[in-house]
Amino acid sequence: MALKKIMYYPGCTLKGVAKNLEDSTLATARELGYEFIELPGWTCCGAVYGLAQDSVKFTIANVRNLIKAQEYGKEIGDNRLIAVCSMCYNNLRRAHIDVMRNRDKLKTLDLFMDEEPDYEGNINVQHYLQFLKEYGFDNIAEKVNNPLKGLKVAPYYGCLLLRPDEVAIDDREDPHIMEELLEILGAEVVDYPLKNECCGSYHTVDKREFVAERTYKLVSVARDVGADVIATSCPLCFFNLDRRQEIAKQKHNDFEHMPIVYFTQLMAIAFGLKGDDVLHFDRHYISPKEVLAPWL
Amino acid sequence: MDVIIHGLSLDIPLWNIKPPRLVKEMKYTIKKDPHQDERVQEIIEISGQNIFSCYQCGRCSSGCPMAEFMDVLPNQVFMFLQEGDVDTLLKAKTPWICAACFTCTVRCPVGLDLAAVMEAIRELQLRKNYDYVDPYKVDERDILPPIALVSNFRKFTP
């Protein structure tokens, strides 16, 4: 069967340290009959959306990406642009909503970018989870041949999939979209009260201790509610929760390590894709191999 | 003498209870008309938020994941702004500790975007070419994900 083509925005991190997220995403999408094609000529999304109202410069890169998607979307006949990284999703979606609401801003940007055509506003930026929900979780269930029976997973959404309200992929205080997916994969989902709390985000660069404190709290609570592993979708949350366990362990004697995985990796395992070229477990600071051994 | 509050007897008299840390350490001056203050107006312009609509419900501070590391709580930021005391906020750590997670923004009952106000306070300094983080002195450059570096430098450098 020929694979359906769909545009995909990888972002810088998936091309580098988060190879495990990219490869597991592409592999699982292929199982579902989709070929994710990298948006030709994509540029950086800027990671955080500029909040200063008197400046339009922070929106330029995002609108330029949206214009590229608009042109390429016409070629392949699908206006959906799938982002996997939470930050990329948040930025592209927010930029789209922002310029649709403030047409003056869009006009300024269109005049500034004279080489590109104008942005028509028809790009549907989606997160991979939204794409999967639209595809149908019941249809995904048919592809599961290695159900994760008995694996206790704490779903962790972080901030940028749920906030602010206009970009939320689900209810911001009590999201369930990842739970639904994980249950279809056969995993046992624990009720994780901190699933929408911040991990400390970019402070990991200059205030590592603060992030380690957040990690200590997030991981300890996940252990208290009985999780074996935390599933996330954001490469920055992944890095903070995974790598900062080192400092958390040094500071707190009662701390126990817990492996962090991407939800796409769990999906790949449930689909029977267990190769190292898909999972890249060598990129984890806390290796999930031991916990996931029964399904590997 | 015992003091009884809500039927609970306190061993120490009320006047011996220490005031909260912030009140002790931070002094603020009330200006004549904060509405006319140039820097308050600049913060309003950059953030696009009417800071005078805050009525101190405290919902922002109670949900803030970074509040434990802050010296001025998010609701207190608005207290200082409404009194025209921008100097305290420029000296405070809080705007540099906010992680822009938008928990307060989505929960604010009057719809204030607190993350944008924090950004405006940072911008007041950043636009004068102030570097909060020196990109040349960052450790772990090879293992940090690019989004961490990009977002950090976007928030903390001009």
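Read the figures in this text as sums done on the coordinates, not as results from a lab. Since the structure is predicted, the reported quantities are computational estimates derived from the model, not experimental observations. We place every Cβ from the backbone using ideal geometry, glycine too, and count neighbours over all the protein chains shown.
Just a few scattered comments:
- Averaging the sequence gap over all C-alpha pairs within less than 8 Å and six or more residues apart, then dividing by the number of residues, gives chain A a relative contact order of 20 percent.
- Inter-centroid distance (Cα atoms) of segment B:83-144 relative to segment A:198-216, Å: 15 Å
- Charging the Cβ of each Asp and Glu at -1 and of each Lys and Arg at +1, and nothing else, the dipole of segment A:123-199 about its Cα centre rounds to 340 debye.
- Along chain A, counting only trypsin sites (Lys or Arg not before Pro) with a DSSP assignment other than H, G, I, E or B and at most 14 other Cβ atoms inside a 10 Å radius, the longest segment between sites is A:1-148.
- Theoretical FRET efficiency, 1/(1+(r/R0)^6), r = Cβ-Cβ of A:D276 and B:M79, R0 51 Å, to 0.05: 0.40
- Per-residue average of Cβ from other chains inside 10 Å of B:43-49: 3
- Straight-line reach from A:K4: taking Cα to Cα under 29 Å and skipping same-chain neighbours fewer than 8 places apart, the lysines in range are A:K15, A:K19, A:K68, A:K74, A:K133, A:K143, A:K274.
- Of the Cα atoms belonging to segment B:30-158, the radius of gyration and Dmax stand at 15.1, 52 Å.
- Cα-based Lys pair tally, segment B:20-127, threshold under 19 Å, eight or more apart or on separate chains: 5
- Cα convex hull, segment A:157-296: 112 Å³ per residue, rounded to a whole number.
- Residues A:K143 and A:D224, FRET efficiency given R0 of 35 Å [Cβ-Cβ distance, rounded to 0.05]: 0.60
- Inter-label distance, nm, simple model (7 Å from Cα along the C-beta direction), A:M100/A:M113: 1.6 nm
- Of all aspartates and glutamates in the structure, those lying under 13 Å Cα to Cα from B:K137, and not within fewer than 8 positions of it along the same chain, are A:D206.
- Chain A shape via C-alpha gyration tensor axes, a/c threshold 1.5: oblate
- Take the Cβ atoms of B:E68 and A:Q250, set R0 to 25 Å, and the FRET efficiency comes out at 0.85.
- Extending 7 Å from Cα along the Cβ direction at A:H176 and again at A:S55 yields two label points whose distance is 4.1 nm.
- Working from label points 7 Å from Cα in the Cα-to-Cβ sense, the B:D142 to A:K4 distance is 4.4 nm.
- Equivalent ellipsoid of segment A:1-139: semi-axes from √(5λ) of the C-alpha gyration tensor, largest first, are 27, 16, 13 Å.
- √(5λ) per eigenvalue of the Cα gyration tensor, segment A:192-263, largest first, Å: 17, 15, 10
- GNM on chain A, alpha-carbon springs under 10 angstrom: the most fluctuating residue among A:V205, A:V84, A:V219 is A:V205.
- DSSP-assigned coil residues among GluC sites (Glu not before Pro) in segment A:106-156, each with at most 15 further Cβ atoms within 10 Å: A:E115, A:E120, A:E142
- Degrees, to the nearest 10: A:57-76 long Cα axis against longest axis of chain A: 90 degrees
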